[in-house]
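We did not get these values from a lab; they are worked out from the coordinates using the rules stated. Remember, it's a predicted structure, so these values are computed and weren't measured experimentally. Cβ sites come from the backbone with ideal geometry, for glycine too, and all protein chains shown count toward neighbours.
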């Protein structure tokens with residue numbers, strides 16, 4: 001199967017950018033990352049259909065010369081799904097904004113409670129440490145980052 | 001074609017269609033709660049009946065429907081073989097009982113904070129997605145089924161939009177969106193490699209693909225399904241997101257969502273890549289890690305819902321173990337274990353909801369004396385908890401015994417390691433369950449740690465809300481009121497025993513789930529032969545493939 005090299009390069013770039021964005025703590029950037037990754041995957045699905053041909057409309061071109069119509073149908077479905085998910089993510093990000101006035105992923109409080117119990121010397125072995133969730137980073141880091149961002153913007 | 005088999009085949013799409021139509025009807029009836037409940041219960045009863053019929057129909061071979069009679073690569077195929085129908089019947093029964101539980105909670109709460117008008121339609125959409133995933137004979141349709149159930153689950157998990165649910169929901173949504181993207185990448189790779197997405201066609205064409213490419217595709221698919229099934233390195237999202245949701249939502253999630261992932265892993269391993277030895281070893285190691293680490297996590301927790309979430313992760317390991325063995329006995333035992341685990345785990349989360357109602361909390365630091373306060377609740381907890389721990393003669397023991405036997409038959413070093421791990425996990429689970437029992441149910445109320453300054457002064461949940469960033473006015477009486485409000489629960493059982501009566505419908509639904517779990521034990525003989533045959537058919541592969549091909553050829557001839 002042959003496919004377009006340009007498309008592959010674009011896909012690779014989009015994946016790189018998408019993964020970079022998804023790893024951010026800012027939720028809006030995570031959403032953007034999801035969108036970029038979604039588009040990269042859609043392009044990947046399109047390129048899985050083989051070389052480009054004529055439009056897949058009956059009567060316009062002989063059948064062997066047409067592009068694969070199936071991948072286009074798949075991508076349409078995938079785009080619709082990504083749109084729905086993006087809308088939901090946007091609404092939930094808006095909700096966190098109205099609740100907390102912040103756009104960051106917050107710490108896992110249950111992890112902190114387990115850690116607090118450990119610190120207070122309850123008989124919990126080390127290998128029972130809860131390994132889920134994110135590290136509790138200090139708030140000062142965030143504050144510094146935010147003031148830096150604000151300073152850059154003004 | 002005889003009339004009985006055409007009846008089976010025409011009923012098959014209804015398991016997806018009915019819940020979707022019911023969801024629409026429930027949305028239209030949003031203003032009329034009673035009618036809405038009648039519709040959703042009616043739809044689910046019908047789906048359970050159809051599923052039971054399908055189990056009987058698929059007993060002598062997989063049933064295939066090509067929707068709209070489009071031939072295989074273009075059209076969508078629905079396949080009901082023994083695995084799908086058993087999963088379908090179990091999950092739909094649990095879904096129905098949990099719906100009754102939710103209705104009971106809604107009526108006894110009388111609580112305007114839960115938007116019931118959204119709950120019922122979304123719940124039915126979730127059901128449709130699950131049914132579609134189980135019956136799909138097409139990889140992309142499986143993806144669509146996943147997306148349908150995930151979209152519904154996003155809404156259900158963040159129901160009410162409270163702070164903790166939104167926080168947990170965010171993790172859940174982002175993780176699942178990413179896993180879906182990985183799945184889509186897998187689909188693109190499969191299509192690029194073999195030019196079809198029909199599962200039966202993929203399985204016959206995959207043999208011609210170079211082994212390296214096969215392995216790459218296989219690993220991409222396994223990563224996607226592993227996230228959804230919460231297999232160890234990919235399981236961290238689950239205990240963070242499930243416990244915050246409403247009790248019936250958590251129950252149905254615990255019962256169904258991870259099991260759809262397990263189902264997909266079973267299909268991938270048996271149908272698409274049956275000869276892959278490398279991933280089998282990877283799955284074995286992952287299963288061992290999932291079991292042991294999940295069980296250790298369960299012991300470390302102090303909240304009952306979180307304990308249950310960790311045991312959920314831990315017991316996914318058992319199913320993966322069976323699948324990784326790839327012998328008829330292993331796969332059959334894994335399917336039996338899935339059936340057992342769907343029921344038991346959903347029951348336990350329902351019981352946790354009842355505990356929250358009676359005790360005002362699910363934190364073991366604040367619960368005591370529940371056995372004396374409510375003996376019925378104690379029995380409802382005890383039976384599934386012991387079942388989960390694998391005490392004979394309950395179904396958990398039978399499933400674990402089957403898996404251990406299959407592991408011993410396999411005889412490799414890894415398999416023996418897993419047998420040891422399985423037994424150890426069983427003990428650890430029992431320990432976690434017994435810890436809940438001793439602390440929350442048996443401990444006399446006056447032995448509650450009176451101090452607990454950090455937990456009692458500020459209250460546990462306000463802390464959870466505040467999450468390190470104190471807001472003005474978020475302390476004292478205001479925060480206590482908020483915690484009660486946000487949990488929809490009565491004030492906590494601290495030093496006095498509250499005479500909270502068990503809500504009748506919720507208790508009945510939970511008792512129904514416990515009874516379903518016991519029924520699996522009583523009917524273990526016939527059920528085990530059924531799952532064993534399903535395992536044999538899956539490993540043999542030919543029944544599935546020839547049924548699908550017969551159907552597509554059939555249609556081409558009639559054209």
Legend entry - Relative contact order (%) - chain B, alpha-carbon pairs under 8 angstrom, separation at least six: 17
Inset, instruction - Name the shape class, rounded, prolate or oblate, that the alpha-carbon gyration tensor gives for segment A:5-100, where a ≥ b ≥ c are the square roots of its eigenvalues, rounded holds for a/c under 1.5, and otherwise prolate holds if a/b is larger than b/c and oblate otherwise. - result: oblate
Legend entry - Inter-chain shielding of A:76-88 (mean C-beta neighbours from other protein chains, 10 Å cut-off): 4
Inset, instruction - Compute the separation of the alpha-carbon centres of segment B:168-212 and segment B:353-419 and state it in Å as a whole number. - result: 34
Legend entry - Sorted peptide list for B:299-312, B:169-182, criterion being average Cβ within 10 angstrom, highest first: B:299-312, B:169-182
Inset, instruction - Measure nothing fancy, just the Cα-based angle from helix B:277-300's long axis to the longest principal axis of chain B, in degrees from 0 to 90, nearest 10. - result: 10
Inset, instruction - From other protein chains only, count the Cβ atoms within 10 Å of every residue's Cβ in B:177-190, then give the mean. - result: 6
Inset, instruction - Please label the shape of chain B as rounded, prolate or oblate, based on the square roots a ≥ b ≥ c of the eigenvalues of the alpha-carbon gyration tensor (a/c under 1.5 means rounded; beyond that, a/b larger than b/c means prolate, else oblate). - result: prolate
Inset, instruction - For chain B, find the longest principal axis of its Cα atoms and tell me its angle to the long axis of helix B:328-359, 0 to 90°, nearest 10. - result: 20
Inset, instruction - May I ask you to order A:13-23, B:119-129 by the average number of other C-beta atoms within 10 Å around their residues, highest value first? - result: B:119-129, A:13-23
Inset, instruction - Arrange the peptides A:41-47, B:428-434 so that the one whose residues have, on average, the most other Cβ atoms within 10 Å appears first. - result: A:41-47, B:428-434
Legend entry - Ellipticity estimate at 222 nm from DSSP helix runs (n ≥ 4, -39,500 (n - 2.57)) divided over chain B, nearest 500: -24500 deg cm²/dmol
Legend entry - Shielding by partners - mean other protein chain Cβ count within 10 Å, residues of B:145-154: 2
Inset, instruction - Give the angle, between 0 and 90 degrees and rounded to the nearest 10, that separates the Cα long axis of helix B:375-389 from the longest principal axis of the Cα atoms of chain B. - result: 40
Inset, instruction - Quote the relative contact order of segment A:5-100 in percent (integer), defining contacts as alpha-carbon pairs under 8 Å separated by 6+ residues. - result: 24
